[in-house]
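One structure below.
Just so it is clear, none of the values below were taken in a lab; they were calculated from the coordinates. Here the structure is a predicted model, which means the values were calculated and not measured. Cβ placement follows ideal geometry from the backbone for every residue including glycine, while neighbour counts extend to all protein chains displayed.
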């Protein structure tokens, strides 16, 4: 049920709210914000919005960079991380126009909403349901620098095995390399932090399925949330990253969603579970299909695999992403699908058996992505597979009931693999993006900008001296 302005004003009075904070998403998927006194929240705010200069958010220039933010009252949440009582809201960004303002087509939340509208216009489904898994590392401290004189980083993590011989307050309880999966107390020193994160997410309206320590012995954690409508879950992902980082700070620690912050340890992904509904009924279930998946589901998978390389530029947009997508770890690198096989790009969970829970997951994304763009792109790839009837089995992408890393090299070559660098992903997106621009979901200028930014990031990293190069080549 939609909240009214009067209900929000009453909430402000009850909670003694002094500040209303508006959170907006930039092109990279970071929250930025501006605040107003609570007394300034009124009907004009909802009609005319709050003006700001959108040129500083990273988007491609438009004819008028003066934009307005219109808050979504249903997103109103008391922000516990602000010292002064603050009500937080997200919303939509509009371009100032006549006779009426229009949605800014590059704004992430607007892209996700348009993707859902396009799905309904096609008559394929009316709801895209997703469930992301948030993997991240929590350290006691981190230092890094990259100047003309020096470059490097240092991680402090008392639970990591490398801290066993360090002086100071050392309990001797360290987690072994890749030995952290579901580890218990007293080794699991972040248990209370994860519980606090869970409670704060629930207060924020994000329903948590469970939390646990992940494989990485140097502080890798996971919080998995319940599935929900695509745009709402992109909202939830932004909130989750905000809560996780701020709760870590409150505990005297620091959280990072870098896919590969620790060399040789397990990488952090953001596996995305998904299913489609129409008139409240699941479209992915067929009792007689492979893994009980329907033809619609298989064609959706076909679309994901057909566009897997170009999707990476959006679902894995950091140079660091491709330090995780390497052979030998759980992160997939070979394009294929299978049931209960964690080496496949698309995995069908064996435990999801009922019609309403029948789904699959895309395993390559990571949380450096802009969730609105990522979920929208995933939906558009799947819809393209449905429209074109792309059969993943006929294309030789599976199903595979073996570890794809163990396939002979000639078989891997037939399958193809994910890009090995962000630059390769950018090239793939430049070649293959018509499925994204269908229905005006992703503006062509936004695609061009994403490609440009990816290549610029790749070139920047490639030109910087690496500390390992001193070890390998200094004496030559």
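Please work out whether region 5-104 counts as rounded, prolate or oblate from its C-alpha gyration tensor, where a ≥ b ≥ c are the square roots of the eigenvalues and a/c under 1.5 means rounded, while otherwise a/b larger than b/c means prolate and anything else oblate? Taking the square roots of the gyration eigenvalues as a ≥ b ≥ c, region 5-104 is oblate.
Plainly put, the chain has a radius of gyration that is 0.97 times its Kirkwood radius, both from alpha-carbon atoms, as the Rg/Rh ratio. For region 49-118 and region 418-435, what is the separation of their Cα centres, given in Å? Answer, in whole Å: 28. If you look at the Cα atoms of region 276-427, you get an Rg and a Dmax of 14.8, 45 Å.
Ranked by the mean number of other Cβ atoms within 10 Å per residue, highest first, peptides 269-277, 345-353, 365-373, 30-38 order as 365-373, 269-277, 345-353, 30-38.
Inter-label distance, residue 53 to residue 14: 4.0 nm, where each label sits 7 Å from its Cα along the C-beta direction. Volume of the convex hull of region 359-476 (Cα atoms only), normalised per residue: 174 Å³. Label reach from residue 6 (point 7 Å along Cα→C-beta): in region 31-58, amide nitrogens under 14 Å belong to 43. Once the chain from residue 278 to residue 170 is taken as fully extended at 0.36 nm per residue, the excess over their C-alpha distance is 33.3 nm.
Placing a pseudo-label 7 Å from each Cα along the Cα-to-Cβ vector at residue 462 and residue 126 gives an inter-label distance of 4.9 nm. As a calculated quantity, the FRET efficiency between residue 185 and residue 250 at R0 = 25 Å, using C-beta atoms, amounts to about 0.80. Modelled this way, with points 7 Å down the Cα-to-C-beta line, the labels at residue 161 and residue 97 are 5.8 nm from one another. Beta bridges assigned by DSSP with both partners in the chain are antiparallel in approximately 90 percent of cases.
Seen from a random direction on average, the alpha-carbon convex hull of region 270-319 projects onto 4.5 square nanometres. Volume of the convex hull of region 125-255 (Cα atoms only), normalised per residue: 140 Å³.
Per-residue ellipticity at 222 nm computed for the chain from its helices equals -10000 deg cm²/dmol, with DSSP H segments shorter than 4 residues left out and the rest contributing -39,500 (n - 2.57).
For region 16-175, the alpha carbon positions stretch 69, 45, 39 Å along the principal axes, listed from largest to smallest. Computed from the alpha carbon positions, the gyration tensor of region 185-265 leads to an equivalent ellipsoid with semi-axes of 22, 15, 12 Å, biggest first.
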